[in-house]
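Below is one structure, written out as structure tokens; comments come after it.
Read-outs: derived from the displayed coordinates by stated rules, not from any lab. Here the structure is a predicted model, which is why all the values come from computation and not from measurement. All Cβ positions, even for glycine, are placed from backbone atoms using ideal geometry, and neighbour counts span all protein chains on display.
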């Protein structure tokens, strides 16, 4: 089922007219996305916890798309991606909270956070340009850990990050004087804070999707893919591999920075705990599980992996009560166990991801027996 | 001066444990080119199994040395079984799949093992019993415990045994041939699948021993202990040159020394600005520096880049 639209997209060249049924599908999708908060909150009656989960899913879509630039397009395995998310989040937390007494507006911090994260991306990228594959993975992993450890310990002798306690009381996101912490009235409809946040996140995520889609088919995007496939050949074709790779790191990182800023504003609290290696791994799983380098696949992976553990969380207790009459195992560990099993099973049966890019599929077919 | 020697001793103990775990990573990497992310969890399983066996037997009145040996044996057997199963289920079907696919299953296995262990042993820290009488020796003004001496000795003996196995036996030759080129090794009559299984089993047995050592030295066993330990050991393997057995040992010892010396002196060096809580940063900084200036590791030969 998932493969059908992918092959359709693969066959259609960029300039070919888009068939009507695709437009209908897009319209349906847009309608679904627009009505989702009502569906979740009202029709399905799932309540605010799921709306929060939904918002996080959208954040993860942004993160996964950012990492997809580095891992999926440029083929650079990055295991410390969450560090950029952390940079963005702490940027927001420090500039808009009582911690330093600064309360800068979100529209100023978010781009600055993106820029700073991009700078960190270059700082990480520059010394690692010569490394490939697993060595790059371990260096990026070390980088991610270093950032986290610094966040954890920079509370003494000068208190910058407030250490393991984290920064709390962060200003809520506000755009054009409208705070997302209070109900927002748009055209006579009152949006609750979570729903309003959802729309803002969705808009930004759509922006990220648009940018990555345009990047993919651009000169730069093709240069990334060329480097991924064969760096030496790419260099021989006149691609400035050094700058293009740095650009991949910087762009991927800046998306992470924006998502981090949104996270801080949404959560009103950041602590180093949110930026552990496990989070980097999670985002990488989203990219790989969905289908590396294929934007719809990555979105699917991000949505699935952010919803799945929550679904397990809610299912764990009732299912056990139904089966055994009482709770046998700790639901928290059960849900992670099931999640791990799901990762293994998906990779065993679909090693190229749930929704791999048509290009990749063609390659696999050709090189197969 | 005595602090210096004390840190060297601590570093050697820590380093020999890292080295044992790093060997598991490096053997698998040398043969399959795969980062076995779940290896740290096998160490954790070894420690917790040993804990349960030893406390159980002690409760039955079994003498301590016997209980310790039984604990090691049970832990090693269980870890070997887990290592074998993991390879069969999660890695073997994916040979020849896109390179990141086995990495994801490895992460999945790691999550499963960790949470499985949490279900069995709970979230609490378990106080590991003392396996060796508490005896201390003075060395140049520093103290070394009997447990530390035994740890380093046992690790050294195990590693020597492994080197003998790999360099002197038929099995070892088959392993080296498989690492060199699996397809050609197969043509020469090596049962590659069996060698891969054996590599995992061997690495897991080392992990069990390392798990016992960590818990005995730090008196603690916990379901989450495998993660950071595995990370450090992998770092050690890369530091020495991954895929290279001697490299893993050198890298492990070196990382242990760097960590304990770094943690001991960083406060003095930076005028108290950075404390010993930056121990992990130190290790990773050294790792990055080594990789940037000598990407094939300290001992590793120049290898063609693996994409």
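Which of A:147, A:22 has the fewest other C-beta atoms within 10 Å, and how do the rest follow up to the most? Don't skip to the answer; put the middle values down first.
Working: A:147 23, A:22 14.
Lowest to highest Cβ neighbour count: A:22, A:147.
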**Report entry** Shielding score for B:111-124, defined as the mean number of other chain Cβ atoms within 10 Å
**Finding:** 5
Query - For A:189, B:9, order by how many other beta-carbon atoms lie within 10 Å, fewest first - result: A:189, B:9
Query raised in the report: So, in nm, how far is label residue A:35 from label residue B:150 when the simple model puts each one 7 Å beyond its Cα toward the Cβ?
Result: 7.0 nm
**Report entry** Relative contact order [Cα under 8 Å, 6+ residues apart], segment A:33-293, whole percent
**Finding:** 40 percent
Query - Cα→Cβ-extended label distance, 7 Å offset, between residue A:185 and residue B:123, nm - result: 4.4 nm
Query - Global geometry of the protein assembly as shown, whether rounded, prolate or oblate, following the gyration tensor of its Cα atoms and the 1.5 cut on a/c - result: prolate
Report summary line: Relative contact order in percent for chain B (Cα pairs under 8 Å, 6+ apart) equals 35 percent
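Only helical DSSP H runs with n ≥ 4 go in: add -39500 (n - 2.57) per run for the protein assembly as shown, normalise by residue count and round the 222 nm mean residue ellipticity to 500 deg cm²/dmol. Working shown, then result.
Working: 25 runs with 465 residues, N = 676.
After summing the helix terms and dividing by the residues of the protein assembly as shown, the value is -23500 deg cm²/dmol.
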Query raised in the report: With a 10 Å Cβ neighbour count serving as the proxy for reagent exposure, in which order, fewest first, do A:185, B:139 appear?
Result: A:185, B:139
Requested in this report: Could you tell me whether chain A comes out rounded, prolate or oblate from its Cα gyration tensor? Rule is a ≥ b ≥ c as square roots of the eigenvalues, rounded for a/c under 1.5, then prolate if a/b exceeds b/c, otherwise oblate.
Outcome: rounded
Query raised in the report: Once you put a point 7 Å from the Cα of residue A:21 and another 7 Å from the Cα of residue A:168, both along the Cβ direction, what distance in nm separates them?
Result: 5.5 nm
Query raised in the report: Mind listing the Cα extents of chain B along all three principal axes, in Å, largest one first?
Result: 58, 53, 37
Report task. State the Cα centre-to-centre distance between segment A:141-156 and segment B:1-50 in whole Å. Result -> 23 Å
